[in-house]
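Q: First the structure, then my questions, so here it is.
The values are calculated or read from the model by the stated rules, or taken from the named source; none is laboratory data. In this text the structure is predicted, and so the values were computed from the model without any measurement. Don't worry about glycine lacking a Cβ; one is built from the backbone with ideal geometry, like all the others, and counts go over all protein chains shown. Ligands, DNA and RNA are excluded from the accessible area calculation, which covers all protein heavy atoms including side chains. Shrake-Rupley method; radii C 1.70, N 1.55, O 1.52, S 1.80 Å.
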Amino acid sequence: AQSVTQLGSHVSVSEGALVLLRCNYSSSVPPYLFWYVQYPNQGLQLLLKYTTGATLVKGINGFEAEFKKSETSFHLTKPSAHMSDAAEYFCAVSVTGNQFYFGTGTSLTVIP
Amino acid sequence: EAGVAQSPRYKIIEKRQSVAFWCNPISGHATLYWYQQILGQGPKLLIQFQNNGVVDDSQLPKDRFSAERLKGVDSTLKIQPAKLEDSAVYLCASTVRGAPQNEQFFGPGTRLTVL
């Protein structure tokens with residue numbers, strides 16, 4: 001069975017500081033990995049995804065994530081946080097065509 | 001390109017009442033998903049349609065929840081009767097086809113409060 005663990009339900013960073021949101025997955029086969037962002041009262045929006053090929057994936061709004069098979073991780077980073085980055089972030093894994101498995105989310109607060 | 005549309009955006013009902021949600025996916029998207037997102041949790045898949053057929057409804061509480069996508073386009077999700085624990089945001093998503101590498105596009109959700 002597939003599962004996703006997001007360490008830290010709440011993360012606070014200062015504006016301009018590094019953002020690091022952690023995601024670990026379990027999967028018996030190579031997975032497809034996704035990061036979604038959810039702003040208040042809105043649906044989820046794709047930030048980036050890993051399917052095959054290069055393990056460092058760049059997404060929108062300056063975010064990137066690296067797939068590390070040996071660590072079963074797909075951590076999300078951004079070099080410099082903006083106030084507009086404050087939102088809920090979800091990591092998800094997909095193996096078959098049927099289901100996405102989402103983590104419980106990490107709420108990012110950016111301190112001015 | 002229009003996104004995934006959902007209505008209503010908010011609904012408040014009393015327990016044991018019935019409620020229905022509507023979703024219109026992105027044009028041309030064959031696969032449609034309904035998710036339940038309880039406060040503080042990630043979305044949980046309730047049901048997946050491929051065109052008008054059900055692909056996966058293993059996590060749908062079938063004693064009270066039902067869903068249909070009769071013409072393979074828009075879909076409705078119904079709860080009858082509602083319980084307090086059904087309070088959540090119900091998200092609809094669609095994708096071109098249900099391949100694991102394909103991005104799912106999400107609607108804004110319907111926030112249900114059961115009193």
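Q: So, taking all protein chains as they sit and a 1.4 Å probe, how much accessible area belongs to A:Lys58, in Å² rounded to tens?
A: Surface accessible to solvent at A:Lys58 totals approximately 150 Å².
Q: Find the cysteines in the protein assembly as shown that fail to meet the 4.7 Å Cβ criterion with every other cysteine, and list them.
A: For the protein assembly as shown, the answer is none, because every cysteine Cβ has another cysteine Cβ under 4.7 Å.
Q: Residues with beta-carbon under 13 Å from that of B:Ser75, excluding B:Ser75: net charge, scoring Lys, Arg +1 and Asp, Glu -1?
A: Taking every other residue near B:Ser75 into account, the sum is 0.
Q: As an exercise, take the mean of 1/r over every pair of distinct alpha carbons in chain B, invert it, and state the Kirkwood radius in angstroms.
A: It is 14.0 Å.
Q: Could you tell me the distance between the Cα centroids of the stretch B:3-75 and the stretch A:41-112, to the nearest Å?
A: Taking the Cα centre of each part, the stretch B:3-75 and the stretch A:41-112 sit 24 Å apart.
Q: In terms of modelled amide H atoms, which long-range or inter-chain residues lie less than 5 Å from the amide H of A:Leu48?
A: Here the answer is A:Trp35, since their amide H atoms fall under 5 Å of that of A:Leu48.
Q: With Kirkwood's inverse mean 1/r over C-alpha pairs for Rh, give me the Rg to Rh ratio of the stretch B:25-79, two decimals please.
A: Radius of gyration over Kirkwood radius for the stretch B:25-79 works out to 0.97.
Q: So, counting K/R as plus one and D/E as minus one, what does the shell of residues with Cβ under 9 Å around B:Thr110 add up to?
A: With Lys, Arg at +1 and Asp, Glu at -1, the neighbours total +3.
Q: Just to check, using Stokes-Einstein with a Kirkwood Rh over alpha carbon pairs, what's the diffusion coefficient of the protein assembly as shown at 4 °C and 1.567 mPa s in µm²/s?
A: Answer, rounded: 72 µm²/s.
Q: Work out how far the C-alpha atoms of the stretch B:1-54 reach from end to end along every principal axis, then list the three figures in whole Å, largest first.
A: Between the extreme Cα coordinates on each principal axis of the stretch B:1-54 lie 36, 23, 20 Å.
Q: Count charges around B:Leu45 for me, please; just the other residues with Cβ under 12 Å from its Cβ, Lys/Arg as +1, Asp/Glu as -1.
A: -1
Q: Along the stretch A:52-64, what does the Karplus equation 6.51 cos²θ - 1.76 cosθ + 1.60 (θ = phi - 60°) give for ³J(HN,Hα), rounded to whole Hz, x for Gly and Pro?
A: Those phi angles translate into 9, x, 4, 7, 9, 10, 9, x, 7, 6, x, 7, 8 Hz.
Q: 7 Å from Cα along Cα→Cβ at both B:Ser27 and A:Met83: what's the point-to-point distance in nm?
A: About 3.9 nm, to one decimal.
Q: Before anything else, pin down the relative contact order of the stretch B:31-115: Cα pairs under 8 Å, at least 6 apart, normalised by residue count, whole percent.
A: 29
Q: Against the globular-protein guess of 2.2 N^0.38 Å, express the Cα radius of gyration of chain A as a ratio, rounded to two decimals.
A: Cα Rg divided by the expected 2.2 N^0.38 Å: 1.01.
Q: Compare A:Val11, A:Val93, A:Val37 in a GNM of chain A, Cα atoms joined below 10 Å, and give the one with the largest fluctuation.
A: In the Gaussian network model the winner is A:Val11.
Q: Right, next: Using DSSP to define loop residues, name the trypsin sites (Lys or Arg not before Pro) in the stretch B:32-70 whose beta-carbon has at most 15 other beta-carbon atoms within 10 Å.
A: When the trypsin sites (Lys or Arg not before Pro) of the stretch B:32-70 are filtered for loop state and at most 15 Cβ neighbours within 10 Å, B:Lys62, B:Arg64 remain.
Q: Through the Karplus equation 6.51 cos²θ - 1.76 cosθ + 1.60, θ set to phi - 60°, convert the phi angles of the stretch A:7-20 into ³J(HN,Hα) values in whole Hz; use x for Gly and Pro.
A: 7, x, 7, 9, 10, 10, 9, 7, 4, x, 8, 5, 9, 9
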